[in-house]
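The values are calculated or read from the model by the stated rules, or taken from the named source; none is laboratory data. All of these numbers come straight from a predicted model, not from anything done at the bench. All Cβ positions, glycine included, derive from the backbone under ideal geometry; neighbour counts span all protein chains shown.
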Amino acid sequence: MTNDAVHPVTLCLKAWVDLAEDDHRDRGVLGEAVYGPADEGLSNVQWAHVVPEEQWAVLARVDGILVSYLAVMSRTVFADGELADVAGIRSVKTHPDYRRRGFATAAMKLAATFIAGELAPDFSLLWASTMAVPMYQALGWAVFDGEVVCEQHGTTVRCADLLAESSFMISFPSEPRRIASLDLRGLPW
C-alpha cells in the first residue's frame, strides 16, 4: 500500500477517567510528533489543568495508531458579564503525516454530537491556530471578534496577547448571538 491508500479511521470518545495507560502514552507520542520534544512557543502560557470528571477525549486511530486527538471540557465563563455554560475544545492535534485527510474533522464532528447531546452548553469555544481556522469555519465555527480575557500568572490578561498566531472561535447550538466579551474565569484551555 502507498501512503495515499485509504485506511479506515476508528473514532472513540471516552471519559477522561476511562482513558487507558496506552491512550495516555499514545497522546504523548502524538504530542511530540506535532510539537516536538518541547512546546517552545507555548512554554510561557499557563494552561488549565485537566479536571478528569469534566473532560472527555476523542481519539482517531488508523491501523491502531493514534493519528488525531482532541479533548472536550465543560466550564462556566462570563459572557458580557453573565454566567454561561460552555463546552471547550482543547488540544486538537493531528500527526503531520496524516494531516488534510479529514481525521480532525471527523473527531470534531463526533465531539459536536457529544456536546449537543450530553453537555448542551450555551455555546462552545476553542482556541485555534491560524492554520486550522478554515477547517473550523467549514464545520460552522466563527472567529470570535470580541475581547477574551483569562488568568495568567495570577493576573487577568487579554488572550490575544498570549499567542499572536491564533484565534478564539465560537459555535452556538442554535441561532448565534452577539457577545462582545468573554472572561474564561481561569486559565485558558
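Annotations
- Entry remark, segment 6-28: residues being acidic (D, E) and in a strand (DSSP E or B) number 0 in total.
- Extreme residue, nearest to the chain's Cα centre (by Cα), among residues of segment 145-189 that are part of a loop (DSSP other than H, G, I, E, B) and acidic (D, E): E165
- Residue selected from segment 106-124 under the condition among the charged types (D, E, K, R) and either under 17 Å from L139 (Cβ atoms) or in contact (Cβ under 8 Å) with a residue 12 or more places away in the chain (or both), by the criterion surrounded by the fewest Cβ atoms within 10 Å (Cβ to Cβ): K109
- No other residue among D80, D97, D85, D63 is loosely packed, with under 15 Cβ neighbours inside 10 Å, within 15 Å of T10 (Cβ to Cβ) and over 13 Å from the mean Cα position of the chain (by Cα) apart from D63.
- Filtering segment 119-146 to residues that are within 17 Å of S74 (Cα to Cα) and either of a type in the set (A, V, I, L, M) or modelled with pLDDT of 95 or more (or both) leaves L119, A120, P121, D122, F123, S124, L125, L126.
- Among the residues of segment 2-10, at least one is at pLDDT below 95, of a type in the set (G, A, S), on the phi < 0 side of the Ramachandran plot and surrounded by fewer than 13 Cβ atoms within 10 Å (Cβ to Cβ).
- For the residues M131, M108, the requirement of being more than 27 Å from H153 (Cα to Cα) and touching a helix residue (DSSP H, G or I) at 6+ places or on another chain (Cβ under 9 Å) singles out M108.
- Those strands (runs of 3 or more DSSP E) lying entirely in segment 46-135 with at least 2 residues touching a Gly at 6+ places or on another chain (Cβ under 9 Å): 65-79, 82-94, 123-129
- Residues of segment 158-173 satisfying the condition of being surrounded by fewer than 16 Cβ atoms within 10 Å (Cβ to Cβ) and either under 12 Å from S124 (Cβ atoms) or at pLDDT 95 or above (or both): F172, P173
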